[in-house]
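Asks: Would you mind keeping the following structure in view while I ask a few things?
The values are calculated or read from the model by the stated rules, or taken from the named source; none is laboratory data. Worth saying up front: this structure is predicted, and the values here are computed from it rather than measured. For neighbour counting, all protein chains shown are included, and Cβ atoms are generated from backbone atoms with ideal geometry for every residue, glycine included.
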2 protein chains.
Amino acid sequence: MPDSMKGACIFAQSGGPTAVINASAYGVIKTALRSPEITRVYGAANGIVGVINDRLYDMGLEDPRELALLPHTPSSELGSCRYKLKDAGEADADYVKILETFRRRGVRYFFYNGGNDSMDTCAKISRYLAAAGYECRVLGIPKTIDNDLCGTDHSPGYGSAAKYIATSVAEICKDNGVYDTGGVAIVETMGRHAGWLAGSAALARLAGAGPDLIYLPEAAFDMESFIGDVKAVCGEKKKCLVAVSEGIRCAGGGFVSESGVSSSDGFMHVQLGGIAGTLADAVRQRLGVKVRGIELSLLQRCAAHLASKRDMDEAFAAGEYAVRAATAGENGKMVALRRAPGEHYRCEYAAEPLGIAANNEKSVPREWINAAGNDVTREFIDYALPLIQGEPERPTESGLPRFARLKKLPPG
Amino acid sequence: MPDSMKGACIFAQSGGPTAVINASAYGVIKTALRSPEITRVYGAANGIVGVINDRLYDMGLEDPRELALLPHTPSSELGSCRYKLKDAGEADADYVKILETFRRRGVRYFFYNGGNDSMDTCAKISRYLAAAGYECRVLGIPKTIDNDLCGTDHSPGYGSAAKYIATSVAEICKDNGVYDTGGVAIVETMGRHAGWLAGSAALARLAGAGPDLIYLPEAAFDMESFIGDVKAVCGEKKKCLVAVSEGIRCAGGGFVSESGVSSSDGFMHVQLGGIAGTLADAVRQRLGVKVRGIELSLLQRCAAHLASKRDMDEAFAAGEYAVRAATAGENGKMVALRRAPGEHYRCEYAAEPLGIAANNEKSVPREWINAAGNDVTREFIDYALPLIQGEPERPTESGLPRFARLKKLPPG
């Protein structure tokens, strides 16, 4: 494959959104529009589904001022999907249609922004195109609030979710302490298999208002120990603030919230949630205290108004890097973020094999959780704190966020 | 009573916090510390309970730079209470202790910041002191996110909660629209008897991402109509965003969420909540679509990071006005906010009799709700929109909010 290859590019978004996923979109689109190797910049509607069905938007027709608002616009502006590609060979129909779209549109660059399932999708497409003899450079750009992607120090999206959680937990802590009668508040974060989000609640302590107890999926959850923990804290100060991951598991490995299963997504991930309510009921019954369960739900992944500036900048840079790497010849890679050695935080970017992330999950190291399994250690704080730094501008209009308004026009 | 009366003042906070209740605290404290008529400025711990028990803080000993951070500090910084004073005559013990505290500390000014129950408390104390022949000026300062206080155009605290709700609903709307498979999200706001908070979700439409359906307590709720409404919206666009008040009621008058009753507070208010889950279950069972219930819970009243600047300024001004009015001779009054006539929004302040607010509740006018009872009208928007304007500074430290750190020292 020549170093300099001319052609169109497609950018698509997949999986659950983050507060800054559109910052990566802007990084790709802005850089691609200025790249001499890239002739047209398409966005696919709803991820790979839009590529399969040739539902594309011509990003070159958008107002640059609206594109510049993308970093401040939550959710996946082009639409997302949770569509799992079958292995080529097993079922080729999707791949054939993808290749058709690529040929029809002269696509030589494909950028896919998502989590580990999406990196798997990238890897499959990359292999299929190579086997078909179609020249195309496929680059994955990481995103996930869960921060469970392997092969990268952290994932764009995590820092903003962590900042949202830490800030909200600090505010809830102030509120929960307001009555002399005390009370327990249990705040539930997302995080199916990893406790990065729940652990970020600990950062609230730097605001002087943090959680008393934190439970992560990486440490086995025991209801009796939990009740004992809450009782001890309440005994000391009449009130107690708990942060808990939706994914906490019993020693046997089953989700504590399994009984609250309501539906599942296309990847057969169980939709969790409701653990705050479950634990609140247990505390109420066993300890007879006033207790409130609070599920941060979608808010933690769509609160663009509380994004971390560093996270937003890095999300943009990851998109920009993907385009630069692809036009320079990289293929079948994922953009990885690396924490440069040294006292002061600095992020570097690299292209790693897609397989490094595909279908794996990065957990919080057990040694970053205390022995009792009800808090994180200083190592966790040192890891997460740099990622929530900085307050981005917040474009507003009439007192409300001013989101990007794209025309989303089909290719002319 | 002489116009110019010298003495100490006590300021206290009561009821549920708001994002800007401490802006009123700062308005009182800052103004009182500079008032020649006021010799000492005390804050009471946990509202009237702190007055009864002589648990006071000397505000004159605080660092002025920390006091200046109060407007950006959520929750009730001095602590709150939900303690209902019995009628004097029925049980005098509390009043005797309040009078003892007042005499001991030379208190001639009492400022109480709260909702309608707190205005009732103010009225009772004012009457008791007058009957006892003790000269003291009692002023109530309104606050409530519910905005259900009579006698004032709106209550400090509402604008910030409305801004939080509108912003969060806009962000959730973006997120809920992300998958091509569609889905329903049901966002629950507070508002026991009044729909001001649920209605504020409509403001999100100005960000281009608003709710499809809004249900307020003022319009009788019917489950069949609700299911039909959601089905119709989903039929048209595959997805649906609902905003609903915790206090919605059936035609018979009972709370729809009554089954979710978990506890009650000292005023015998039922603690509601859980209606989002109830409605989500109904939609899932009846329509078989993916649905998510989201309860904004405490977040809507403690999210100081998303306060309305106008609300914050007015909360401060209400506190300042209370001190000015009291030192000028007013007694037994509540500070009322009035919307000045004219095209452009402007707020004026007045002192109204406490009875105007005590134990009454201001509902959303039925004509500000559409005939179908599933949305608000233009009148509602025109009323609420001015209240969410402006973005205050957000003091931060290490990427987290920098709250006021008070010493809370007892009187020297």
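Asks: Of all the residues that make up segment B:247-299, how many are modelled with pLDDT of 85 or more, assigned to a helix (DSSP H, G or I) and of a type in the set (S, T, N, Q)?
Replies: Residues in segment B:247-299 being modelled with pLDDT of 85 or more, assigned to a helix (DSSP H, G or I) and of a type in the set (S, T, N, Q): 2 in total.
Asks: Just the residues that are within 7 Å of another protein chain (Cβ to nearest Cβ) and either at pLDDT below 95 or touching a strand residue (DSSP E or B) at 6+ places or on another chain (Cβ under 8 Å) (or both), please, taken from segment B:300-314.
Replies: Correct list: B:A304, B:H305.
Asks: Further question: Tell me, which residue of segment A:370-381 that is of a type outside the set (G, A, S) and buried (at least 18 other Cβ atoms within 10 Å of the Cβ) is nearest to A:V41 (Cα to Cα)? Spell out the reasoning first.
Replies: Let us first name the residues in segment A:370-381 that are of a type outside the set (G, A, S), namely A:370, A:374-381.
Within this subset, residues satisfying the condition of being buried (at least 18 other Cβ atoms within 10 Å of the Cβ) are A:374-376, A:380.
On the way: A:N374: 48, A:D375: 46, A:V376: 44, A:F380: 40 Å.
Looking at residues that are of a type outside the set (G, A, S) and buried (at least 18 other Cβ atoms within 10 Å of the Cβ), I get A:F380.
Asks: Right, here's the next one. Kindly provide the set of residues from segment A:125-154 that are charged (D, E, K, R) and surrounded by fewer than 22 Cβ atoms within 10 Å (Cβ to Cβ), ordered by number. Write out each step before concluding.
Replies: At the first step, the residues of segment A:125-154 found to be charged (D, E, K, R) are A:127, A:135, A:137, A:143, A:146, A:148, A:153.
Hits for segment A:125-154 are A:R127, A:E135, A:D153.
Asks: So, one more: Working only within segment A:179-203, note down all residues that are over 20 Å from A:R286 (Cβ atoms), within 14 Å of chain B (Cβ to nearest Cβ) and modelled with pLDDT of 95 or more. Outline the logic, then answer.
Replies: So in segment A:179-203, the residues over 20 Å from A:R286 (Cβ atoms) come out as A:179-180, A:189-203.
Okay, now just the ones that are also within 14 Å of chain B (Cβ to nearest Cβ), so A:179-180, A:189-190, A:200-203.
Of everything in segment A:179-203, those that are over 20 Å from A:R286 (Cβ atoms), within 14 Å of chain B (Cβ to nearest Cβ) and modelled with pLDDT of 95 or more turn out to be A:T189, A:M190, A:S200, A:A201, A:A202, A:L203.
Asks: If the requirement is being of a type in the set (S, T, Y), surrounded by 24 or more Cβ atoms within 10 Å (Cβ to Cβ) and farther than 20 Å from B:M190 by Cα, which of these qualifies: B:Y179, B:Y164, B:Y158?
Replies: Result: B:Y179 is the single residue among B:Y179, B:Y164, B:Y158 that is of a type in the set (S, T, Y), surrounded by 24 or more Cβ atoms within 10 Å (Cβ to Cβ) and farther than 20 Å from B:M190 by Cα.
Asks: Kindly check whether there is at least one residue in segment A:71-85 that is of a type in the set (A, V, I, L, M) and within 14 Å of chain B (Cβ to nearest Cβ). Steps first, answer last, please.
Replies: Filtering segment A:71-85 for residues of a type in the set (A, V, I, L, M) gives A:78, A:85.
From what's left, within 14 Å of chain B (Cβ to nearest Cβ): A:78.
Yes, segment A:71-85 has at least one match.
Asks: Of the conditions (1) modelled with pLDDT under 95; (2) part of a helix (DSSP H, G or I), A:E320 clears all except one; give me its number.
Replies: With respect to (1) modelled with pLDDT under 95; (2) part of a helix (DSSP H, G or I), A:E320 is out only on (1).
Asks: What residue, among those in segment A:325-343 that are surrounded by fewer than 16 Cβ atoms within 10 Å (Cβ to Cβ) and in contact (Cβ under 8 Å) with a residue 60 or more places away in the chain, is farthest from A:Q13 (Cα to Cα)?
Replies: Among residues in segment A:325-343 that are surrounded by fewer than 16 Cβ atoms within 10 Å (Cβ to Cβ) and in contact (Cβ under 8 Å) with a residue 60 or more places away in the chain, the one farthest from A:Q13 (Cα to Cα) is A:R339.
Asks: So which of A:L206, A:L216 ends up being in contact (Cβ under 8 Å) with a residue 40 or more places away in the chain, away from every other protein chain (no Cβ under 14 Å) and either surrounded by fewer than 24 Cβ atoms within 10 Å (Cβ to Cβ) or not acidic (D, E) (or both)?
Replies: Working: A:L206 fails: away from every other protein chain (no Cβ under 14 Å).
Checking each option against the conditions leaves just A:L216.
Asks: Does B:S155 qualify as being over 18 Å from B:A276 (Cα atoms), away from chain A (no Cβ under 14 Å) and of a type in the set (S, T, Y)?
Replies: The answer is yes for B:S155.
Asks: Give the number of residues within segment B:370-409 that are over 29 Å from B:A243 (Cα atoms) and either away from chain A (no Cβ under 14 Å) or not in a loop (DSSP other than H, G, I, E, B) (or both).
Replies: Selection size over segment B:370-409: 4.
Asks: Out of segment B:168-210, which residues are within 16 Å of the chain's Cα centre (by Cα) and not hydrophobic (A, V, I, L, M, F, W, C)? Full working, then the answer.
Replies: Filtering segment B:168-210 down to residues within 16 Å of the chain's Cα centre (by Cα) leaves B:189-200.
B:T189, B:G191, B:R192, B:H193, B:G195, B:G199, B:S200 - these are the residues of segment B:168-210 that are within 16 Å of the chain's Cα centre (by Cα) and not hydrophobic (A, V, I, L, M, F, W, C).
Asks: Looking at this structure, is B:R402 under 13 Å from B:T152 (Cβ atoms), modelled with pLDDT of 95 or more and in contact with a strand residue (DSSP E or B) (Cβ under 7 Å, 6 or more places away or on another chain)?
Replies: Working: under 13 Å from B:T152 (Cβ atoms): no; modelled with pLDDT of 95 or more: yes; in contact with a strand residue (DSSP E or B) (Cβ under 7 Å, 6 or more places away or on another chain): yes.
For B:R402, the condition - under 13 Å from B:T152 (Cβ atoms), modelled with pLDDT of 95 or more and in contact with a strand residue (DSSP E or B) (Cβ under 7 Å, 6 or more places away or on another chain) - is not met.
Asks: Looking at A:E348, A:E367, which is the one that is under 20 Å from the mean Cα position of the chain (by Cα) and loosely packed, with under 14 Cβ neighbours inside 10 Å? Give the derivation first.
Replies: Numbers: A:E367 fails: under 20 Å from the mean Cα position of the chain (by Cα).
After applying the criteria, what remains is A:E348.
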